[in-house]
1. Of all the residues that make up segment A:9-30, how many are of a type outside the set (D, E, K, R), more than 9 Å from chain B (Cβ to nearest Cβ) and either in a helix (DSSP H, G or I) or under 22 Å from the mean Cα position of the chain (by Cα) (or both)?
2. Residues that are touching a residue at least 60 places away in the same chain (Cβ under 8 Å): find the helices (runs of 4 or more DSSP H) completely inside segment A:46-139 holding 1 or more of those.
3. Please verify whether segment A:216-224 includes one or more residues that are surrounded by 24 or more Cβ atoms within 10 Å (Cβ to Cβ) and at pLDDT 95 or above.
4. Could you please let me know if A:His164 is touching a Ser or Thr at 6+ places or on another chain (Cβ under 9 Å) and either within 11 Å of chain B (Cβ to nearest Cβ) or crowded, with 24+ Cβ neighbours inside 10 Å (or both)?
5. Can you pull out the residues in segment B:178-206 that are surrounded by 15 or more Cβ atoms within 10 Å (Cβ to Cβ), within 11 Å of another protein chain (Cβ to nearest Cβ) and among the polar types (S, T, N, Q)?
6. Suppose we keep only residues that are more than 28 Å from B:Gln73 (Cα to Cα) and surrounded by 24 or more Cβ atoms within 10 Å (Cβ to Cβ) within segment B:244-270. Which one would you say is nearest to the chain's Cα centre (by Cα)?
7. Out of everything in segment B:207-243 that is at the interface with chain A (Cβ under 10 Å from one of its Cβ atoms) and acidic (Asp, Glu), what residue ends up being surrounded by the most Cβ atoms within 10 Å (Cβ to Cβ)?
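The values are calculated or read from the model by the stated rules, or taken from the named source; none is laboratory data. Just so you know, these numbers come straight off a predicted model, no measurement behind them. Neighbour counts are summed over all protein chains in view; Cβ atoms, including those assigned to glycine, are modelled from backbone coordinates with ideal geometry.
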Amino acid sequence: MSARDRILSKLRAGQPAQPLPAPVLDEHFGPRAGTDSPAQRLARFRTGIESFHAEVHITSEAGWPALLARLCADKKVATLLYGADTPAGRRIADAPFAGTTPRAWVGPVEGLKADLFHRIDAGFTQTRGAIAETGTLIVWPSEAEPRTLSLVPPIHFALLDARHIHPTFFDAIRLENWGASLPTNALLISGPSKTADIQQTLAYGAHGPKELVVLVINAEGEPQ
Amino acid sequence: MSAQTAHGSSTEKPIAFVSAQALRERMHTAVNDPHLRTSFRGAMDFLMAKRAAQFPDESELASLRSLSEGIRQYSLARLPDLLEQLEASLTLNGVQVHWAETPAEANAIMLGIAQRHSAKLIVKGKSMVSEEIEFNHAMEAAGVGALESDMGEYIVQLAGEKPSHIIMPAIHQTKQQIAKLFAEHIPGVEYTDNVDALIQIGRRVLREKFEIADIGLSGVNFAVAETGTLCLVENEGNGRMCTTVPKVHIAVTGIEKVVEKLEHVAPLFSILTRSATGQAVSTYFNMISGPRKPGEKDGPEEVHLVLLDNGRTQAYADEQLRKTLQCIRCGACMNHCPVYTRIGGHAYGTTYPGPIGKIVSPHMMGLEETHLLPTVSSLCGACGEVCPVKIPIPELLIRLREEAQSEPHAKPAMVGQGAGYNRLASFGWRMWARVYGRPGSYRAFSWLATRLRMFSPSKQGGWTAARTPLTPAPRRLRDMVKDRR
């Protein structure tokens, strides 16, 4: 018998005869979803993520590339890495960068690992949405926007469509039916990386980005 | 460059093990260390206040605790089915699943993977299970470097120590001690006790390692059976680094961490971060459902999950002891424990310190080694009150005392049952029960005791080690009541 079979047979021998009823989550989360308007959700999201040291800029569908370019200049970003094959990525090449070179991610990470770790100043990604309750971005890396794009560069710029802000994590999972299909890596991100491991003193920029900058579009909220 | 040169002192001997006598001595030493007591008192007060601030609404807390308890109990009731479902989902997603009954088996599986890849360096995200199985020790013995990358774990590894808290491993170290440690062990680093500067030093050193490591190791906070997803909670980003950058990712976890549906994770994640460090949410919640797919440009090419038993099936077999496995490892019980606050995490001598350590360690190590642990408690009940999944820790401590101290019998629920059995003490208590259980004998005994009080011994074993001797009162309560009438 294998270790697997032995573990499972021990568990089966000890398993309670009667299964327990499935937990009911709606009773707890129903009232918490609340009746917030999209504007209130955005305000909650913003308060939350700003308290985790993220920077939030409200902009527009038309104006965000210019804002991104300006923020890159302000932060002295020499190279901005991004995924070209996305709706947002296609607009970055034309953004009015000054002093910043936008660089599209090409090929497997092995080909640009050294640059990624040592020479890229910022990464740009889209987001899938956000969570109002905690001030959290939902990021699903993809072929176009690899996992490390939001992790290794010291600054992470994230584009958020305010129409996709959910009240809670539970609502996001439920409403978008995450249980049916998840990408190889899905992320919740609430601020730049941090640690309080030395004498409970909070320090930002632990191993991931030192700065998280959120560009919010469609803040007015109405669906197109 | 090997990992050993980066951290001079490697883990020499397992400390997940102390004899009863050593436990008493360690506690004595700890209680008499004013520096340790001040730093733990301060840290625990800080963590308690932060947790309290996260739960301003008592009814919300009550509802979330009940829900979380319900999810954990439901998952445990279906544990073998969920493990099989998890294995099937993960396999479908391209993750290789391994099973280990003992720490040695788990280490052998992981060493096998490391050797197949000719790995020289494994970078580690925070994993208490890897501490439980002495992973670093096993890898280093086989010539494979294992480097901790969580800032707290890195500090503890540099110091050649073990974590003293399951969430904040280096809670016992001051910034001055850490500054000294960095200056001594990291080439080119000068003494600074500026916390930001220290963190940046750690960041620089460890980023070099993420880049070149062959394998990343992590724990698992929740494993989702329906989707085949491994969830990791963290703030630093080192967990994401370890699970994303190296070509191979190995996750190791106890078999109890599985839940059925992804939505079950939402309340558990919320109550975990709030109970643990008083954070509304952690910086990262990392959901891994497979290795790099064709077309994807990064992520590990192989993902492995090692499922570890190590005594968990023993706890599972007993209805009451099974509740031990509800734990989501938040550490709130230790933050609120008056004993932990006074003796710190190292005195226990077990991988998991504090109240949770006292109820899980006997299953992992057997009662022979741990029979005193459940007595390291005042049974004040704080741990049970703050537990986010309502584990009745005080009840379990009493049960474990019973298992440890009852006369050895043929069908024990635990390995080492009766290890603390003392014939004389048992006889004494049986006599006491006989005398106190009958009104007539109790009256006769108390009458006698008040008359013979001058013969009370002045040395009364452990009691008089720190207290004045017990002497019966000159008059019984019943006599005083009689006088009043």
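1. Quick first cut of segment A:9-30, residues of a type outside the set (D, E, K, R) only: A:9, A:11, A:13-25, A:28-30.
After this cut, where a residue has to be more than 9 Å from chain B (Cβ to nearest Cβ) as well, the list is A:17, A:30.
Now restrict to residues that are either in a helix (DSSP H, G or I) or under 22 Å from the mean Cα position of the chain (by Cα) (or both): A:30.
The number of residues fulfilling the criteria is 1.
2. A:64-74
3. Initial filter on segment A:216-224 (surrounded by 24 or more Cβ atoms within 10 Å (Cβ to Cβ)): none.
No; the residues of segment A:216-224 include none that is surrounded by 24 or more Cβ atoms within 10 Å (Cβ to Cβ) and at pLDDT 95 or above.
4. On the way: touching a Ser or Thr at 6+ places or on another chain (Cβ under 9 Å): yes; either within 11 Å of chain B (Cβ to nearest Cβ) or crowded, with 24+ Cβ neighbours inside 10 Å (or both): no.
Judged against the criteria, A:His164 is not a match.
5. Across segment B:178-206, the qualifying residue is only B:Gln200.
6. Within segment B:244-270, the match that is nearest to the chain's Cα centre (by Cα) is B:His249.
7. B:Glu236
Rundown of residues vs (1) at pLDDT below 90; (2) farther than 26 Å from B:His371 by Cβ; (3) more than 23 Å from the chain's Cα centre (by Cα), yes/no style:
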site	(1), (2), (3)
B:His7	yes, yes, yes
B:Pro14	yes, no, no
B:Met27	no, no, no
B:Thr38	no, yes, no
B:Arg41	no, yes, no
B:Met44	no, yes, no
B:Met48	no, yes, no
B:Arg51	no, yes, no
B:Leu64	no, yes, no
